[in-house]
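Read through the structure below, which is laid out as structure tokens, and then see the notes.
The values are calculated or read from the model by the stated rules, or taken from the named source; none is laboratory data. Note that the structure is predicted; figures quoted are calculated from it, not measured. Note that we place each Cβ from the backbone using ideal geometry, even for glycine, and neighbour counts take in every protein chain shown.
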Amino acid sequence: MKGKHRKLISLLVMVSILSMLLMGVTVSQAAKKVSLSFWSGYPEMEPVFNKIVEDYRKLHPNVDIDVSTYKLREVERKLAVSIPTRTGPDIFQRMPYIGHRFVEGGYIEPLPPELDTLLKSKVFTPYHVEFASHKGKTYALPMFQGVEVMFWNRDMFYDAGLVHAPTTWEELIDYAKKLVKSDAAGNMVRSGISLRLSGAGSGVTEKWWFWVWPAGGTIVEKTPTGKYHNGYNNQAGREALKLYIDLLYKYNVDGYEVKHDAEAFALGATAMFTRESWVVGYINEHAPNLNYDAAILPEYRRWGTNINPENTYVTKKCKNLDVAFDFVKFMLKPEYGKLTLETSGWFPARRDIDYTSIFKETPQFRAFVEFPEGYGAYGYPKIGAIDEVMTKFAERLVAAYTRKDLLDNPEGIAKVIAEAAEETDNILKEAGLYGEK
Amino acid sequence: MLKESRRSFKLKSPQYIFTICVLTPVIAIYTIIRIVPIGGTIFLSFHKWDLINPAKPFIGLRNYIKLVHDYLFIIAIRNTFVLALLSIVISLGIALGLALILNRRKMRFASVYELIYFLPFIISWVPLAVIWKWMYDPTYGILNYVIGLVGIRPQGWLVNPKLSLYSIIILVVWRNLGLATVLFSVGLKNIPAEYFDAAIVDGASGFKLFRNIIFPLLKPITLYLFVMSTILNFAIFSPVYVMTIGSQGAPGNAVRVLVYDLYENAFRYLHMGYAAAEATLLLLIVLVLTLVEFRSMRYEA
């Protein structure tokens, strides 16, 4: 009996010790604090990020995520300086042409199998997979994306007897002529279309891209060898520049003396312009009574829009990869996609979100997802040199737009395009990315 | 022998030790924050480096050769000279005129006016540039409103590449005017009244008085302002950067100045070696200009 008691007591003691040990491990695990830093170039997204972090912390109270948002160019400088020195964030968001520099430099963690499968599933498109891949591995998940559309002021269009946005280049010219407005002294007070004519940076080229692409060109073209060369020293490039010059000096539907871009649209200083979905959020905030709509971009030889995903990357500096990737996956929940759209106007990248309730409230968003058959997509190639190509070309375009002598001057236009294309190819050569056509 | 003992005595003297103790930290800090980065920049200018890739191959003078053939660098040099020269000449000219008006014997509240003119100089460039960006707005800006009153058509002050550099020059002149006015006023106040009295007795007045008395005696201050303005205007960046931001900002090439070009090469395109070569050339340009001005200042003194 004594022996039996002893055995029982020993067993109980053993079980107690093991239980305590297990409890101790669990307690210490629960107490283990995890801190992550997250950087983005979209301050308007900060409320969304904060909500996601708040929800994530409810499930994982031991995880602290410090969200920092900066202006786009500012975050790019900070990433360039901090990631190679391992002083940057654990997680960051940026377009593939910026993020890919760090992927190539070996500073980014590849996606774990679970997220790789998610990226390659039907939730995303092969377009997104391509923008996140490098040498057979995937490195990022897209959260939201910029999609370009044509915004048009319904009231101004109706006043001019027009019922829909222009669908072709001919309609664009015709509509812009009907919509431009001048005062008694002949000064333009409202542009027919607000073209991007100025500002430093790549934006001027980006907006010109929406016209050169339908004409059959692009900014840089990939060769079969995987290298690149300019894609606009051709008829498409010349036609796109001619369109701008004609709109400015033949039809006088835009000019330097009027306000431009989203601000002009919100203030009624232009009848239409091309931009991304964030404009919807901007108008909701600044001009809630504006009667407007959004439409797909006009067609020429081909039809399509510029789509640029905003990828989320986890850096190699991160010491808690499991938590970081878990958070990245958490960010992609459909409810946060809807919140992103409602809060900032940026469109979620995942395709399986039901927007019915949002479309009822804001029908303008339809133009960002409901594409007709044959409507294509193009975006920034994931090469670091693209920013220099676009920015330097933008300066040449800005200078060309001021030249009235280019009106009915095909040789002059061809010269501008050819010189710019030579510069583009030289930048690609310098970066070791140039390939013959 | 005597010299050596004197020397060792001097080296051990408390004044000498005190001087070393006081100067060493200053020189050390200056070396760390000035000399080492300048040396590092010059070293980097002979290399190719993209900031992200750790490889930093030595390429000799290639960055410099490329730079002198770079049309953007040429534009930046031209714009910097135009901006510096015009803003110096205009601001000093207006400031001298204002100082002369404010220092007339019957002028009341002269110091209040000086304070008003000086205020922009103590405000940081960024808020100033943002305010002026609003003033230059083509639709709602006050400048177009004012010129509209006299029948001039509205202008795209910033967005029109033909006007944008001059729009920035106006801002620079406006900001620097106060400092120059105050310094000229100080100079005018320091001219002994007897000189004026003697000149008036000799029959001098108006322009003769200015040419023979005021201008020669203001030369040290004028030269000082020239040197300072040259250094500051060659290194100008913040207003240009702010004025180019956004779709309604100035086009980059139209207002491209040296430091802006350098910043773009370094932190936008990540051509760090190339930007370092540009920084080295900028250093040489400012150094030469400053030496020229210092020599003329010494000559005048």
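Structure notes:
- Among residues of the stretch A:263-289 being assigned to a helix (DSSP H, G or I) and within 8 Å of chain B (Cβ to nearest Cβ), the one that is surrounded by the fewest Cβ atoms within 10 Å (Cβ to Cβ) is A:E263.
- Evaluation of A:P47 against (1) touching a Lys or Arg at 6+ places or on another chain (Cβ under 8 Å); (2) under 24 Å from A:N308 (Cα atoms) (one fails), failing number: (1)
- Restricting attention to the stretch A:393-414 and to residues that are within 16 Å of B:I75 (Cβ to Cβ), out of contact with any Gly (no Cβ under 9 Å at 6 or more places or on another chain) and within 10 Å of another protein chain (Cβ to nearest Cβ), the residue that is surrounded by the most Cβ atoms within 10 Å (Cβ to Cβ) turns out to be A:L397.
- In the stretch B:234-257, residue nearest to the chain's Cα centre (by Cα) [restricted to those that are under 13 Å from B:A76 (Cα atoms) and part of a helix (DSSP H, G or I)]: B:F234
- Unmet requirement for A:A240, which otherwise passes all of (1) part of a helix (DSSP H, G or I); (2) closer than 24 Å to B:K162 by Cβ; (3) in contact (Cβ under 8 Å) with a residue 40 or more places away in the chain: (3)
- The C-beta contact set for the stretch A:331-357 (first residue without any contact (Cβ under 8 Å) to a residue 60 or more places away in the chain, second residue in a helix (DSSP H, G or I), distance under 6 angstrom, 6+ apart or interchain) comprises A:I353/A:P334; A:I353/A:G337.
- Qualifying residue in the stretch A:246-257 (condition: crowded, with 19+ Cβ neighbours inside 10 Å, of a type outside the set (D, E, K, R) and modelled with pLDDT under 95): yes
- Pick from the stretch B:154-188, criterion β-branched (V, I, T) and within 15 Å of B:I221 (Cα to Cα), ranking: farthest from the chain's Cα centre (by Cα): B:V186
- Residue satisfying all of: in the stretch A:249-262; within 11 Å of chain B (Cβ to nearest Cβ) and not in a loop (DSSP other than H, G, I, E, B); farthest from A:L341 (Cα to Cα) among these: A:D261
- Subset tally (residues that are of a type outside the set (V, I, T) and without any contact (Cβ under 8 Å) to a residue 60 or more places away in the chain) for the stretch A:161-186: 11
- The set of residues from the stretch A:69-102 being closer than 14 Å to A:Y42 by Cα, facing chain B (nearest Cβ under 10 Å) and not in a helix (DSSP H, G or I) comprises just one member, A:K71.
- Looking only at the stretch B:264-279, and only at residues there that are assigned to a helix (DSSP H, G or I), of a type outside the set (G, A, S) and within 22 Å of A:G99 (Cβ to Cβ), the one that is nearest to the other protein chains (Cβ to nearest Cβ): B:F267
- In the set A:I386, A:I417, only one residue is over 19 Å from A:A431 (Cα atoms) and surrounded by 21 or more Cβ atoms within 10 Å (Cβ to Cβ); that residue is A:I417.
- Where A:P142 falls short, out of the listed (1) modelled with pLDDT of 95 or more; (2) not assigned by TED's automatic domain parsing to the domain that holds A:R350: (2)
- Hits in the stretch A:229-261 (condition: more than 24 Å from the chain's Cα centre (by Cα), of a type in the set (A, V, I, L, M, F, W, C) and over 26 Å from B:Y145 (Cβ atoms)): A:A236, A:L241, A:L243, A:I245, A:L247
- Of the listed requirements (1) under 20 Å from A:V189 (Cβ atoms); (2) among the charged types (D, E, K, R); (3) crowded, with 18+ Cβ neighbours inside 10 Å, B:R175 misses just one: (1).
- For B:A204, the test of being in a loop (DSSP other than H, G, I, E, B), modelled with pLDDT under 85, in the same structural domain as B:N103 (by TED's automatic domain parsing) and in contact with a helix residue (DSSP H, G or I) (Cβ under 7 Å, 6 or more places away or on another chain) is passed.
- Every condition in (1) in contact (Cβ under 8 Å) with a residue 60 or more places away in the chain; (2) within 14 Å of chain A (Cβ to nearest Cβ); (3) among the aliphatic types (A, V, I, L, M) is met by B:L225 except one, and the failing one is (2).
- Taken as a whole, the condition of being assigned to a helix (DSSP H, G or I), buried (at least 20 other Cβ atoms within 10 Å of the Cβ), polar (S, T, N, Q) and modelled with pLDDT of 95 or more applies to A:T424.
- Every condition in (1) farther than 30 Å from B:Y145 by Cβ; (2) surrounded by fewer than 18 Cβ atoms within 10 Å (Cβ to Cβ); (3) small (G, A, S); (4) touching a Lys or Arg at 6+ places or on another chain (Cβ under 9 Å) is met by A:G226 except one, and the failing one is (4).
- The helices (runs of 4 or more DSSP H) found entirely in the stretch A:143-230 that carry 3 or more residues being of a type outside the set (V, I, T) and within 14 Å of chain B (Cβ to nearest Cβ) are A:203-212.
- B:Y260 closer than 29 Å to A:R275 by Cβ, in contact (Cβ under 8 Å) with a residue 40 or more places away in the chain and either assigned to a helix (DSSP H, G or I) or within 14 Å of chain A (Cβ to nearest Cβ) (or both): yes
- Scanning the stretch B:41-61 for residues that are over 24 Å from the mean Cα position of the chain (by Cα), away from chain A (no Cβ under 14 Å) and either part of a helix (DSSP H, G or I) or surrounded by fewer than 17 Cβ atoms within 10 Å (Cβ to Cβ) (or both) returns B:F43, B:L44, B:F58, B:G60, B:L61.
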